[in-house]
Every structure is written in structure tokens, then in C-alpha cells.
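Visitor: Here's a structure for you.
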Amino acid sequence: MGQITLDKVSKSFGSTDVIHAVDLEIEDGEFVVFVGPSGCGKSTLLRLIAGLEDVTSGRIMIDGTDATGLAPAKRRLSMVFQSYALYPHMSVRQNIAFPLKMAGESKDSIERKVADAARTLNLADYLDRKPRQLSGGQRQRVAIGRAIVREPAAFLFDEPLSNLDAALRVNMRLEISELHQHLKTTMIYVTHDQVEAMTMADKIVVLNAGRIEQIGSPLDLYRNPANRFVAGFIGSPKMNFVEGDAARGQGGETIGVRPEHLDISTTDGAWKGTVGVSEHLGSDTFLHVHVDGQPTPITARTGGEFTLSHGDTVYLTPKAGKVHKFDGSGLAVR
Ligand SMILES: Nc1ncnc2c1ncn2[C@@H]1O[C@H](COP(=O)(O)OP(=O)(O)OP(=O)(O)O)[C@@H](O)[C@H]1O
Ligand SMILES: [Mg+2]
């Protein structure tokens with residue numbers, strides 16, 4: 001259960017086309033992340049799957065049956081939003097139980113499912129509290145609990161962590177991954193954060209302006225981006241794009257090299273430059289190097305103890321086999 005197929009799904013709002021003939025296969029139990037810049041259509045695509053928006057054309061299949069015209073409640077999907085909207089006057093227990101109560105389940109069954117969800121989500125000690133007595137992360141767990149008890153065929157998450165601070169985001173990211181390992185239920189997770197996409201996904205779907213740019217595992221996309229958009233979107237810090245003589249020296253018109261794939265020397269190398277800003281993160285240093293003929297600095301990643309000063313001369317050399325080449329239209333050349 002939890003296999004979802006999109007067949008040429010398009011969506012327009014009035015005369016604005018937002019989703020363009022999207023084809024997608026989601027396997028049962030997969031953790032799929034939709035990632036892309038703001039406004040690219042991630043939430044719309046998720047809402048189409050949930051049935052909260054009608055498709056303009058195309059078909060949505062859930063577990064082999066046509067769900068295109070089905071009401072949201074009939075699709076057996078649970079959605080968790082960025083703003084988790086708990087009922088403030090209800091306890092945690094009542095919040096989690098709410099969908100089961102609405103569905104008319106027996107008291108025993110509700111108690112058992114709430115207890116299971118609370119155990120899975122480490123909420124057992126908080127069941128009698130009100131939402132205002134919880135931290136942001138705990139509230140988000142209650143919202144997830146409310147989704148879990150419905151035992152859906154798939155979970156749909158729309159940026160569920162973006163209201164949380166950085167440290168809590170990292171924690172919740174791990175908790176959701178762990179939850180997926182435990183439940184083994186299909187999850188579709190929307191984010192604009194490529195780090196979340198890389199760390200959580202079995203399969204990443206990169207969206208841009210309502211179209212799928214590429215689908216693949218995190219490492220597929222990192223190693224073999226299909227085009228400049230994906231190359232620049234996946235990976236942190238971003239891939240450097242280099243043109244002109246510096247690119248031709250490496251056998252391409254436009255090439256891309258990731259910051260972690262540049263060797264740095266003070267004596268010789270492929271590209272001569274001067275150090276601009278260096279960012280010391282403790283574990284790493286990101287060196288921003290001005291190379292002749294390049295409009296923007298080239299970022300190189302090196303060790304945390306690396307010391308070079310603003311204005312020093314450095315040489316950068318792409319590591320063998322790590323140069324990505326792109327044609328005039330931005331497609332990767334293999
Ligand atoms: N009800 C609507 N009517 C008209 N246009 C809409 C509607 N909902 C969304 N859009 C437009 O559709 C496009 C995609 O919106 P969507 O919310 O899916 O983007 P998103 O990728 O989720 O962005 P974000 O990362 O900012 O949440 C945007 O250009 C948006 O303005
Ligand atoms: Mg959105």
C-alpha cells in the first residue's frame with residue numbers, strides 16, 4: 001500500500017499554468033522529497049496528490065486505482081503542514097485522537113492507537129498537556145501523531161520543519177527519518193532545503209517552474225546532475241560554474257566544479273587567483289577566490305585549520321574526473 005503514480009498531471013490557476021504534465025512513479029514505502037525554489041509548484045503538486053486541488057488534466061493513481069476524482073478523505077493519505085494547527089483547548093491526547101473520533105472508532109481502539117503513536121513519537125509523558133505547554137518540536141510531533149493514527153497509505157509533509165530553529169530542525173529531520181524506518185510507509189516530503197532533501201530522501205524530485213528537472217537518489221543527483229539547474233541546486237556550498245579560458249583549459253565551454261573537488265596550492269595549479277573572503281566554520285574553511293576572467297569568485301572547500309589571508313595568491317585545480325561539462329543550453333555533456 002502506498003504506491004502513487006502521476007500520469008501527465010497538469011494544473012492551471014485561471015490562465016496561469018503552474019504544473020506542466022508531470023509524470024512520476026512513487027513506490028510503496030519510498031521516502032520521496034520534492035525540492036525546488038520558492039514558487040516552483042511543490043505545494044501545488046502535493047495538494048493535487050492529496051486531493052486538496054483538482055487536476056486540470058492528467059491522472060493520479062493510488063495503489064492501482066484511479067484517484068483523480070476522489071475526495072481527499074477517500075485517498076487514505078495524511079498531510080502534515082508547516083503550520084501544524086493543533087486545537088489549543090484540547091490536550092495532546094485529544095488532539096491525536098481527534099481524527100479517530102471523527103471517524104467513529106471505538107474508545108478502546110482509539111486509546112490503543114494514541115498510546116502507540118505517543119510511544120513512537122516520545123510523547124507519552126505529555127499526553128495530558130495542552131499545546132501551549134509544549135515546545136515547537138513537541139507540537140510538530142503531536143501533528144505527526146495525529147497523522148500516524150489514521151494509518152494512511154502515505155504521509156504527505158509540506159515543509160513541516162520550517163517554523164523550527166536550526167538545531168531543532170536537525171533533530172526533527174532525524175526523527176522523521178527514524179519514523180520512516182519504523183513505519184515503512186510511503187512519505188512525500190516537500191522542502192526548499194536541499195540539505196533536507198539530500199539527508200532524508202530515497203528519491204529526490206527536483207522541480208523548477210512546474211516541471212521535473214530530474215529524479216534520482218541523492219547521490220545520483222550529486223554525481224550526475226542532468227543539467228546546470230540541478231547541478232547548482234544540489235550540493236552545499238553550490239557548484240562553481242566556470243567559463244572562458246579557464247573552462248577551455250579543462251575541455252569544456254562551460255564547466256562546473258564543486259567546492260570540495262578543487263585542490264588548493266600556493267605554488268602552482270590550473271587557475272591562478274587571489275583570496276577574497278575566507279569563511280572559517282571550524283570543521284571546514286570555504287575560500288572565495290577571485291580568478292582572472294571569472295565574473296564571480298570561485299569557492300573552494302578545505303580543512304578547518306587552513307590559513308590564507310585576504311589578497312594572497314592561490315592556485316586552484318579541479319580534481320581528476322570531477323569536472324562537469326554543460327552545453328550551451330545547460331544540459332550536461334557526458
Ligand atoms: N490558488 C492559487 N491561485 C493562483 N496561483 C496560485 C495558487 N496557488 C499557487 N499559485 C501559484 O502557483 C505557483 C506554485 O505555487 P506553490 O505554492 O506550489 O509553490 P511552492 O513550490 O510550494 O513554493 P514555496 O517554496 O514558496 O512554498 C506559484 O507561482 C503560485 O503563485
Ligand atoms: Mg510551498
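Visitor: Cross-link candidates for K107: which aspartates and glutamates have Cα within less than 15 Å, leaving aside residues fewer than 8 places away along the same chain?
Guide: The reachable aspartates and glutamates, counting only those whose Cα sits under 15 Å from K107, are D116.
Visitor: Give the whole-number value, in cubic angstrom per residue, of the convex hull volume spanned by the C-alpha atoms of the stretch 4-232.
Guide: 128 Å³
Visitor: Placing +1 at every Lys and Arg Cβ and -1 at every Asp and Glu Cβ, with all other atoms neutral, what dipole size does the stretch 193-260 have around its Cα centre, in debye to the nearest 20?
Guide: The calculation lands at about 100 debye.
Visitor: Here's a follow-up. Tell me which of T186, N95, G14 sits at the most positive position along the dipole axis of the chain, charges placed on C-beta atoms (Lys, Arg +1; Asp, Glu -1).
Guide: Positive-most Cα among the choices belongs to N95.
Visitor: Starting with the highest mean, order 271-279, 304-312, 25-33 by the number of other Cβ atoms within 10 Å, averaged over the residues of each peptide.
Guide: Ranking the peptides 271-279, 304-312, 25-33 by packing returns 25-33, 271-279, 304-312.
Visitor: Ranked highest first by average number of other Cβ atoms within 10 Å, how do 133-144, 286-297 line up?
Guide: The packing order, highest mean first, is 133-144, 286-297.
Visitor: So for the chain, averaging the separation of alpha carbon pairs under 8 Å that are six or more residues apart and normalising by length, what relative contact order in percent results?
Guide: Value for the chain: 16 percent.
Visitor: Additional query: Straight-line reach only, C-alpha to C-alpha below 16 angstrom: list the lysines that K272 could link to, leaving out same-chain residues fewer than 8 apart.
Guide: Of all the lysines, those that pass the test against K272 - Cα under 16 Å, at least 8 places apart if same chain - are K319.
Visitor: For the stretch 154-215, what proportion of DSSP beta bridges, expressed in % and rounded to the nearest 5, is antiparallel? If you can, show how the numbers build up before the last one.
Guide: Working: 4 of 9 bridges.
Close to 45 percent.
Visitor: When a/c is below 1.5 the answer is rounded, else prolate if a/b is larger than b/c, else oblate, so apply that to the stretch 238-333 with a ≥ b ≥ c taken from the square roots of the Cα gyration tensor eigenvalues.
Guide: prolate
Visitor: P(r) for the stretch 1-128: what percent of alpha-carbon pairs falls in each 10 Å bin, starting at zero?
Guide: Once binned at 10 Å, the Cα pair distances of the stretch 1-128 give 11, 33, 29, 21, 5, 0.
Visitor: Of K130/K238; K11/K325; K11/K322; K42/K184; K130/K184; K74/K238, which ones are farther than 32 Å apart at the Cα?
Guide: K130/K238; K11/K325; K11/K322; K74/K238
Visitor: Quick check: Cα centre of the stretch 19-60 to Cα centre of the stretch 242-258, how many Å?
Guide: 36 Å
Visitor: Computed from the mean reciprocal separation of all distinct C-alpha pairs, what Kirkwood hydrodynamic radius does the stretch 93-205 have, in Å?
Guide: It works out to 14.7 Å.
Visitor: Using a Förster distance of 45 Å, how high is the FRET efficiency between D128 and D28, based on the Cβ-Cβ distance and rounded to 0.05?
Guide: Details: r = 36 Å, r/R0 = 0.81.
With a Förster radius of 45 Å, E is 0.80.
Visitor: Next question. In terms of Cα to Cα distance under 15 Å, which aspartates and glutamates are near enough to K203, apart from those fewer than 8 places away along the same chain?
Guide: By straight Cα distance, K203 reaches D23, E25, E27, D28, E30, D193, E213, D220.
Throughout, read-outs are computed from the coordinates displayed, never taken from laboratory work. Everything numeric here is computed off the predicted structure, so don't read it as measured data. All Cβ positions, even for glycine, are placed from backbone atoms using ideal geometry, and neighbour counts span all protein chains on display.
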